[in-house]
1. Can you check how the C-alpha radius of gyration of the stretch 422-551 compares to 2.2 N^0.38 Å, as a plain ratio?
2. Kirkwood Rh over Cα pairs of the chain into Stokes-Einstein at 4 °C, 1.567 mPa s: D in µm²/s?
3. For the chain, what is the mean residue ellipticity at 222 nm derived from helices alone (per DSSP H run of n ≥ 4: -39500 (n - 2.57); sum divided by total residues; nearest 500 deg cm²/dmol)?
4. If one takes the longest principal axis of the Cα atoms in the chain, at what angle in degrees, from 0 to 90 and to the nearest 10, does the Cα axis of helix 408-429 lie?
5. Using a ≥ b ≥ c from the Cα gyration tensor of the stretch 83-146 (square roots of the eigenvalues), is it rounded, prolate or oblate, where a/c under 1.5 gives rounded and otherwise the larger of a/b and b/c decides, a/b for prolate?
6. May I ask for the Rg/Rh ratio of the stretch 30-166, computed from Cα atoms with Rh as the Kirkwood radius, given to two decimals?
7. Given R₀ = 30 Å, what would the calculated FRET efficiency be for residue 626 paired with residue 565, taking r from the Cβ atoms and rounding to 0.05?
8. Would you work out the relative contact order for the chain, in percent, from Cα pairs under 8 angstrom that are 6 or more residues apart?
Amino acid sequence: MNTAKKPVNIVDVDYARTGGSVNTDAMGMREMQQRVFAKRDAQHLLVKAPPASGKSRALMFVALDKLYNQGRNKVIVAVPERSIGASFSSTKLTEHGFFADWEVKPEHNLCDPGSSQGKVGAFIDFLNGPDAVLVCTHATLRFAFEKVAPDAFNGTVLAIDEFHHVSADIEASRLGALLRDVMTGSDVHIVAMTGSYFRGDSVPVLAAEDEAQFTPVTFNYYDQLNGYKNLHSLGIGHHFYQGRYTDAISEVFDLDKKTIIHIPNVNSGESTKDKIEEVGFIIDSIGHVMSTDPDTGIIAIRRKDTGATLRLADLVDDTDQKARADTLHYLSSTASKDPDAVDVIVALGMAKEGFDWPFAEHALTVGYRASLTEVIQIIGRVTRDSPGKEHAQFTNLIAEPDASQTEVKVSVNNMLKAITASLLMEQVLAQNFEFKTKRTGDDEATPPGVIKIKGFKEPSTERVKQIVETDLNDLKATILQDETFAKAAASSVDPETTNKVLIPKIIRERYPDLDESQVEELRQQVVVDSVIKNGEVREVGDKRFIKMSDKFVNIDDININLIDSVNPFQRAFEVISKSVTPSVLRIISDSITATRVQVTEDEALAAWPKIQQWAKVNGRRPNVRSEDPTEKRYAEVVLFLQRKKQERDAAAAARSAQTADES
């Protein structure tokens, strides 16, 4: 029988299955679509919502209202790749109660085969013709921008799907700059849609002043998944291997689960450099090939363990483009509706955004993914609601650091980054709370979704409120991706140092316009939100308790000082420490120590009262050779302070000597 191990999950989230996010109203709109439609009069809309929440239909509702009721005469929908264009094909919305249907004439579907540049003529003909709706790729839109003046978009609605592809970095993507030109040079209405909660992994999608012109509508992952009818839980975990991943994949490849396997890029360290052979290894781990369907490319494999037939789609082999197109067509037309059509999809650079296989239960991804947007898109492939699917799982197969390798530092860094990416996913996927200050004598019942905290500083300005409402996950991404912070979170740096020194430093760098009181308000919001989302909440009678630092605390009694004493991300590293061998753990620890987080004056000042208390309790100074990481760090701080004192004394002596010489 199948003997796959259960992956070590860093994140486990349960959902209530309320059905709220998939039920429709009298106009055929889901909850997310209702929220977007309520903002339909905005000239520039930015819709952030997870995969499968219905963004494409939300656009149809808004665009048709703009055509019929807001004086617009054309709608242009741009998608990042041709296959996603199918999401915007003609749809009978009146059958579900809406006032008009969405109609795209065949000649205005520019997502059919052919070069993007070759379709510019058809695009320009559309602008000058009588018809209302066109669908094209980002590339076609970009080439068209270069051929027409911005004012050619007067009277149009421009919808950009998968908006995270539009970068403000002009060298990386001309589309971002061109979009800015058309915003300033015409009366265009824009609807931008993204399934990512991050502006971009290296550069922002839009400059801050451009994004300020957009009205945001956010429908978060928790809203979406909690409102499903079938999916009850989601796990995000890791499995570590040594050697080749092809020898280890069977350890977590559960053949009884509908699985998408994303193999590594051929340029990555995890790749064997032969992608076709890697697919062969995966097939061999399942069993023996019985046949390959000549029309669909689906490979029938007899399982070694049970003898049952497993159907696999290979999206890696691109030697025969027609054969791959046939497989993709089969997946979109048949496998998306028939649970028996396919069991496993193996992909490289495909089957991510816009790919719809609702029966997928397990995303098994080999190698560290640097892009947070890519990770959330991969997870989105398995979080679609489907009858019989109670649990969705994302497993990242990661290479363990090996002391014999020359790239130990790179391997350890990749491991830390993969873990911090998972922590960030937890922040996106878990329930959102609103935090308020608990004041003396405040005994009123707390409404659902609100947590009151003693000493908490609520946002006092519109700027801080705006960052909390629309930018908090991006800020957390910046914090967690900061190399110093990741090493501090994984090692022995005091929690109050990470919370009160490192986090404010990153906030100041990201938002130089904030004063110190605003920085502190934002810092508290980040730390409180992270600790609460990472904590396990239990209800006992009419009281709620949250687990922090291995003990349960009554939520009514929590205060900001207690929260600041918790490293919100320590639990993940504790999970990792239990899932690798002691020798690997030692390699990780030694690598972090070798590139030690430098003691700063801010950390030293924050830690000094604790060091004094520690010395009082233990009757001695902390020892730098101690096995206890906290004592070791305290000793490093003492050495830092001694060195600083010596430097000050030496400087004072030099000044005295200079004064004596001058006199």
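1. For the stretch 422-551, the normalised Cα radius of gyration comes out at 1.09.
2. It comes out at roughly 47 µm²/s.
3. The helix-only estimate for the chain comes to -12000 deg cm²/dmol at 222 nm.
4. Approximately 70 degrees, to the nearest 10.
5. Because a/c hits 1.5 or more and a/b exceeds b/c, the stretch 83-146 counts as prolate.
6. Here Rg/Rh amounts to 0.93.
7. About 0.90, to the nearest 0.05.
8. This gives 13 percent for the chain.
The values are calculated or read from the model by the stated rules, or taken from the named source; none is laboratory data. Everything numeric here is computed off the predicted structure, so don't read it as measured data. Glycine gets a Cβ as well: all are built from the backbone with ideal geometry, and neighbour counts include every protein chain shown. Heavy atoms of the whole protein, side chains included, go into the accessibility calculation; ligands, DNA and RNA do not. Shrake-Rupley method; radii C 1.70, N 1.55, O 1.52, S 1.80 Å.
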